[in-house]
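A short worksheet on the structure shown next.
The values are calculated or read from the model by the stated rules, or taken from the named source; none is laboratory data. Here the structure is a predicted model, which means the values were calculated and not measured. All Cβ positions, glycine included, derive from the backbone under ideal geometry; neighbour counts span all protein chains shown. For accessibility, only protein heavy atoms count, side chains too; no ligands or nucleic acids. Shrake-Rupley method; radii C 1.70, N 1.55, O 1.52, S 1.80 Å.
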Amino acid sequence: MAKIQTPQPVRGTQDMFGETEERFAHVVSTFERVRRLYGFKGLQLPVIEPTAVFARSLGEATDVVSKEMYSFEDRGGDSITLRPEFTAGIARAYLTNGWQQHAPMKVTAHGPLFRYERPQKGRYRQFHQIDAEIIGAAEPAADVELLVMADQLLYELGIKEGVTLELNTLGDAESRDAWRAALVVYFTDHRDVLSEDSLARLEKNPLRILDSKDPDDRGVAHAAPKIDEFLSGEAQDFFGAVTAGLDAAGVAWTRNAKLVRGLDYYRHTAFEFTTDRLGAQGTVLGGGRYDGLIENLGGPATPAVGWAAGIERLAMLVDNWFPVRTEVAVVAEHSEREVEAVSLTTMYRRAGFQAEQFITGSPRKRYDRAKKIEPAILISLDLRDGVRSHSLNLLDQGYERVGDVTSAFDSFYIG
RNA sequence: GCGACCGUAGCUCAGUUGGUUAGAGCGCUGGUUUGUGGUACCAGAGGUCGGGGGUUCGAGACCCCUCGGUCGCCCCA
């Protein structure tokens, strides 16, 4: 039989194992724990949605929709898309399930997302996010609650060091439109000094020029009109309430007047938790208020706010995760003790101990193999010169459950 | 879509200005040693040097193409 060439994985996908997987799982379980503390309900949503869900809500002209979506026709001829973000799918579910009855609705989700992009550090074609939203709440208190939860999550993950919360407001629709118009005028006047990329942004997404990485753009961007000059009274009050709430909760933040969102539906609060520890991918968690999105999907005007964070990026920063450690290792140092080792190991597992058995390979090398995985307790079953022996060794002096392991061991052999 | 760098055993890498049968460490398998002991030694398995073409008496080393990886730009978490 001819050997075929083993198929390669799809570009930008990852197979997680060992430490990578442990870190990932730690982020998710911490998130699940923290979101419950804040009374957020979990959500399990489809990975595939009708293409219109994203095309309509994100805007046809955005990069995500125009060139980054994994879209295909199913057998019935419908255009299906692998979700590139959570928010649009959540908004769709909110409308099609009649969840207005639950408003204001505090929900979270996590899972894989797909974007056809060039992979680089902390960025993949199949990537994973945790996501939190409050739908149907117009009050700044919702923004604050979400931000405080994000802050606590980062704290519990042990990565608050070196991560800062950057905060901005985009104002309400009128403020934002006026600001945008002023920016277009300003940048058009200075188009001779703008980078090539920013000239393209001027057409598509002028706000983005503000956070351009190009040094040529920095100077002009710095002197550009500020959103503060265009904020309505209500918008100012809203932002003031958000910052006051954060201060009351003791959450540190810094104003970044150049912080914007790529998508058009964002209003008012925009925020990012950023770090310099991830190369070019500085944003660890980002989000904002999107009062226009649900309307874009054909629903009633519904205020909402939310954030998302890349699990891979968080996992790279985390250092307080703990590997699954073996509590009890059972070694059969002689072939005649193997069956007994199985029953002893099973006894420990059923009693809730993380136990491992060493009953294969060279009997002489099993003890060393067992010791290498650094179990808290190592049990050896041997048969030498016709004499059966069994011993229990405590390798980790700090292990808390010694007593339970030992008494189970004694009752196994004494009865 | 664009740019830079990189592809040699399962893993981490050596491999001299191109020169004979391509190496090491770790891991794996077996053996000896040790016998409350993560020791030491021996042996074995495992490589079309990413793939294709070219230059050359001779290419893992040089050139071209291609595929893959990494990082960056765009955009974004």
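Which of A:GLN354, A:GLN44, A:GLN129 ends up with the largest GNM mean-square fluctuation for chain A, with Cα atoms connected below 10 Å?
Maximum fluctuation in the GNM of chain A, among the listed residues, is at A:GLN354.
Hey, can you rank A:22-30, A:186-194 by average C-beta count inside 10 Å, highest first? Walk me through the intermediate numbers first.
Numbers: A:22-30: 18.7, A:186-194: 14.1.
Per-residue mean Cβ counts within 10 Å order the peptides as A:22-30, A:186-194.
Could you give the distance between the Cα centres of segment A:317-391 and segment A:20-76, to the whole Å?
42
State to the nearest 20 debye the size of the charge dipole of chain A about its Cα centre, where the only charges are +1 on K and R beta carbons and -1 on D and E beta carbons.
Details: 48 positive and 61 negative charges, 248 e Å.
Using Cβ point charges on Lys, Arg, Asp and Glu, chain A gives about 1200 debye.
Could you give the angle, 0 to 90 degrees to the nearest 10, between helix A:338-350's Cα long axis and the longest principal axis of the Cα atoms of chain A?
40
Which shape class applies to segment A:329-380: rounded if a/c is under 1.5, otherwise prolate when a/b exceeds b/c and oblate if not, where a ≥ b ≥ c are the square roots of the Cα gyration tensor eigenvalues?
Numbers: a/c = 2.65, a/b = 1.25, b/c = 2.12.
Oblate, because a/c is 1.5 or more while a/b does not exceed b/c.
Which order do A:LEU37, A:LEU231 take by accessible area at a 1.4 Å probe, largest first? Numbers along the way, then the final one.
On the way: A:LEU37 110, A:LEU231 25 Å².
Order by accessible area, largest first: A:LEU37, A:LEU231.
In terms of Cα to Cα distance under 16 Å, which lysines are near enough to A:LYS213, apart from those fewer than 8 places away along the same chain?
A:LYS258
Determine the sum of side-chain charges near A:TYR413: Lys and Arg each +1, Asp and Glu each -1, restricted to other residues whose C-beta is under 15 angstrom from that of A:TYR413.
-1
Arranged from highest to lowest average of other beta-carbon atoms within 10 Å per residue, in what order do the peptides A:98-111, A:382-395 appear? Show your work: numbers first, answer last.
Numbers: A:98-111: 17.0, A:382-395: 11.7.
The most tightly packed comes first, giving A:98-111, A:382-395.
What is the local net charge at A:VAL402, summed over the other residues whose Cβ is closer than 13 Å to its Cβ (Lys, Arg +1; Asp, Glu -1)?
Charge balance in the 13 Å sphere: -4.
Pairs A:LYS106/A:LYS160; A:LYS121/A:LYS372; A:LYS67/A:LYS160; A:LYS41/A:LYS160: which exceed 31 Å Cα-Cα?
Details: A:LYS106/A:LYS160 24 Å; A:LYS121/A:LYS372 33 Å; A:LYS67/A:LYS160 34 Å; A:LYS41/A:LYS160 25 Å.
Where the Cα-Cα span goes over 31 Å, the pairs concerned are A:LYS121/A:LYS372; A:LYS67/A:LYS160.
Test of understanding: in a Gaussian network model of chain A with alpha carbons linked when under 10 Å, which of A:MET316, A:MET149, A:MET16 would top the mean-square fluctuation ranking?
Of the options given, A:MET16 has the highest mean-square fluctuation.
If you count only protein heavy atoms with a 1.4 Å probe, what accessible area per residue comes out for segment A:303-415, rounded to a whole Å²?
Each residue of segment A:303-415 exposes 53 Å² on average to a 1.4 Å probe.
Hey, what angle do you get for helix A:19-37 against the long axis of chain A, alpha-carbon based, 0 to 90 degrees rounded to 10?
Helix A:19-37 sits at roughly 60 degrees to that axis.
By how many nm would the segment from A:MET16 to A:VAL28 grow when fully extended, if each residue of separation counts as 0.36 nm and the alpha-carbon distance is taken off?
Details: separation 12, 0.36 × 12 = 4.32 nm, distance 1.41 nm.
Between A:MET16 and A:VAL28, full extension yields an extra 2.9 nm.
Would you compute, from DSSP H runs of 4+ residues alone, the mean residue ellipticity of chain A at 222 nm, taking -39500 (n - 2.57) per run and dividing by the full residue count, rounded to the nearest 500? The partial results should precede the final answer.
Details: 14 runs with 157 residues, N = 415.
Counting only the DSSP helices, I get -11500 deg cm²/dmol.
Excluding same-chain residues fewer than 8 positions from A:LYS365, which aspartates and glutamates have a Cα within less than 13 Å of its Cα?
Within the straight-line limit of under 13 Å, A:LYS365 reaches these aspartates and glutamates: A:GLU333, A:ASP382.
Describe numerically, in nm with one decimal, the distance between label points set 7 Å from Cα along Cα→Cβ at A:ALA181 and at A:GLU295.
1.7
Enter the accessible area of A:ILE373 (Å², nearest 10), with the probe set to 1.4 Å and all protein chains included.
Accessible area, nearest 10 Å²: 70 Å².
What FRET efficiency comes out for the pair A:VAL47/A:HIS102, r = Cβ-Cβ distance, R0 = 22 Å, nearest 0.05? Write out the running numbers ahead of the final one.
Details: r = 23 Å, r/R0 = 1.05.
After rounding to 0.05, the efficiency reads 0.40.
What nm distance separates the two modelled labels at A:LYS121 and A:ARG255, each placed 7 Å from Cα along Cα→Cβ?
So the label points at A:LYS121 and A:ARG255 sit 3.2 nm apart.
Quote the FRET efficiency, to the nearest 0.05, computed for A:SER391 versus A:ALA138 with a Förster distance R0 of 60 Å and r equal to the Cβ-Cβ distance. Don't skip to the end; give the middle numbers.
Details: r = 68 Å, r/R0 = 1.14.
With a Förster radius of 60 Å, E is 0.30.
Among A:TYR155, A:TYR124, A:TYR265, what's the order by accessible area (1.4 angstrom probe), most exposed first? Present the calculation step by step, with values, prior to reporting the outcome.
Details: A:TYR155 155, A:TYR124 55, A:TYR265 5 Å².
Listed by decreasing accessible area, they come as A:TYR155, A:TYR124, A:TYR265.
Just to confirm a number: summing +1 for Lys and Arg and -1 for Asp and Glu over residues other than A:LEU231 whose beta-carbon lies under 11 angstrom from that of A:LEU231, what do you get?
Values: positive: A:ARG176, A:LYS226; negative: A:ASP172, A:GLU174, A:ASP228, A:GLU229, A:GLU234, A:ASP237.
Value of the local net charge: -4.
Using only Cα atoms, find the angle between the long axis of helix A:140-156 and the longest principal axis of chain A, and express it within 0 to 90 degrees, rounded to the nearest 10.
Its long axis makes an angle of about 30 degrees.
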